[in-house]
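J.: Dropping a structure here in structure tokens format, bear with me for questions.
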Amino acid sequence: MHETLGVQYDLSTLKGQLDREELARRPPGLWRYRELLPVVDPAFRFDLGAGGTQLAALTRIPDAVTGNQLFMKVEGSNPTGSFKDRPIGVAASVALEQGARGLACLTSGNIGSAMAAVAAKAGVSALVLLLGAAGLADQGAAVNVEKYVQISAYGARVVTPTSSLGQLYALADRIEAELSWSFLHNVQAYQTDGDKTTAFEICEQLGWQAPAAVFVPTGTGTNLFGLWQGFVLFKELGFIDTLPRMFAVQPVGADSLVAAWEAHQDIPIVIDHIKPNLAPPISHRVSGYHAYKAMQESGGGAVAVTDEDMLAALKDLATYEGIYTEMASAAALAGIRRALVSGLLEIGDAPQTSIVGILTSHGLKNSLALAQVFPSQTYVEGTWEALGGYLEST
């Protein structure tokens with residue numbers, strides 16, 4: 001009853017069509033892996049440049065001296081600034097290939113940006129039901145200003161509904177029936193196919209090897225599940241020999257997978273109330289069983305991190321490595337640190353020594369919300385004496 005629907009591929013045929021050399025000849029990007037994606041007609045493979053993101057080796061950050069190779073997959077460099085360009089790029093393309101006349105979604109931001117961009121490229125209408133924070137449809141939470149502006153810039157119509165999630169999902173069905181549009185939550189099975197491409201790229205970038213462990217900031221869990229599917233598929237195709245351990249990273253107080261994993265439950269736990277935190281995109285009362293199952297199958301686990309953990313990781317990534325990421329994304333590095341300190345992650349004897357964190361979105365997605373945790377703007381007189389005094393004092 002808990003199984004998640006997905007797309008099945010003819011592995012025997014694919015093995016005859018694809019090999020490492022063929023993939024290496026292709027340009028980077030989402031559609032590099034077109035045979036492993038569910039869009040048949042090339043005319044509907046809408047390409048905004050998603051995928052092909054950097055796998056950045058952390059060389060200056062203090063964590064890099066642990067002896068393990070520490071990498072971050074920088075998904076904030078996708079066209080709309082988040083990893084959602086992959087799953088939404090695929091799901092929206094499938095929906096339009098199947099005849100949808102427009103696109104709609106329910107989101108706290110990143111899904112809406114990705115969908116609106118595809119709709120603009122395809123020349124179809126887009127409607128975004130924009131929530132203040134994940135799972136807070138009826139609590140009056142303020143929307144993210146940066147994401148609202150970005151979605152609006154793509155030409156989508158944006159409204160913030162004041163109803164329960166149950167009512168909104170009923171509204172989604174009505175949108176599809178009345179307008180012949182596709183509500184993207186109803187084609188979620190295709191979204192995980194887009195997430196798989198992140199795993200494909202990581203393996204290629206590590207020299208056709210899987211990492212020892214992957215840490216994923218996790219809300220609903222679709223990204224973690226899609227990544228796991230990608231690693232499994234690459235192993236089935238013979239492109240890699242081993243599989244990584246998958247770890248979910250969640251904010252304290254919005255950590256349903258952590259609670260279930262620590263209590264040895266069979267399914268994720270539903271949290272009564274989300275504790276306010278600085279990472280709304282990954283703050284849900286419950287995460288998906290599919291992600292929980294991927295954690296278990298891979299021998300991974302789940303880690304809870306505090307606002308202080310995430311903020312320290314965000315600052316270190318920017319200060320030492322020049323990578324500016326959203327707070328929810330910085331949870332990846334924060335989770336790695338927690339796992340190493342607690343002993344949850346011990347890979348010294350593993351054949352692979354690399355650890356990968358998924359930085360899911362760019363820091364410009366949520367800069368205003370962090371203004372209060374950084375020093376206020378400093379003003380100095382435009383003279384060398386004034387500037388020199390400032391530099392000496394700091």
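J.: Residues in segment 24-48, backbone N under 13 Å from the label point at S12 (7 Å along the Cα-to-beta-carbon vector): list them, ranges by number please.
T.: none
J.: Which one of K73, K121, K365 has the biggest mean-square fluctuation once the chain is modelled by GNM with Cα springs under 10 Å?
T.: K121
J.: Note the direction-averaged projected area, equal to a quarter of the hull surface, for the Cα convex hull of the chain, in nm². Mind dumping the intermediate values first?
T.: Numbers: hull surface 86.1 nm².
Convex hull of Cα atoms, orientation-averaged projection: 21.5 nm².
J.: Grab the DSSP H runs of the chain that are 4 residues or longer, score each as -39,500 (n - 2.57), total them, divide by all residues and round the 222 nm result to the nearest 500 deg cm²/dmol.
T.: Numbers: 13 runs with 154 residues, N = 394.
Counting only the DSSP helices, I get -12000 deg cm²/dmol.
J.: Pull out the extension gain between K275 and R101, defined as 0.36 nm times the separation in residues minus the alpha carbon to alpha carbon distance; nm, one decimal.
T.: Numbers: separation 174, 0.36 × 174 = 62.64 nm, distance 3.92 nm.
Result: 58.7 nm gained on full extension.
J.: Averaging the inverse of every distinct alpha carbon separation and then flipping it gives the Kirkwood radius. What is it for segment 83-187, in angstrom units?
T.: On the way: mean 1/r = 0.0746 Å⁻¹.
For segment 83-187, inverting the mean 1/r across all distinct Cα pairs yields 13.4 Å.
J.: While we're on this one: Straight distance only, please: which lysines reach the Cα of K15 with their own Cα at less than 24 Å, same-chain residues fewer than 8 apart left out?
T.: Qualifying lysines at Cα under 24 Å: K196, K235.
J.: Cut-off 10 angstrom, C-alpha nodes, Gaussian network model of the chain. Which of F46, F183, F374 fluctuates the most?
T.: F374
J.: I'd like the distance between the alpha-carbon centres of segment 320-394 and segment 157-201, rounded to an integer number of Å.
T.: So the two Cα centres are separated by 32 Å.
J.: Can you work out the PRE-style zone for L364? Point 7 Å along Cα to Cβ, and I want the residues of segment 97-117 with backbone N under 18 Å.
T.: 109-117
Any read-out appearing in this document is the output of simple, stated calculations on the displayed coordinates, not a laboratory observation. Just so it is clear, the structure is predicted and the values come from calculations on it, not from any experiment. Neighbour counts run over all protein chains shown; Cβ positions are idealised from the backbone, glycine included.
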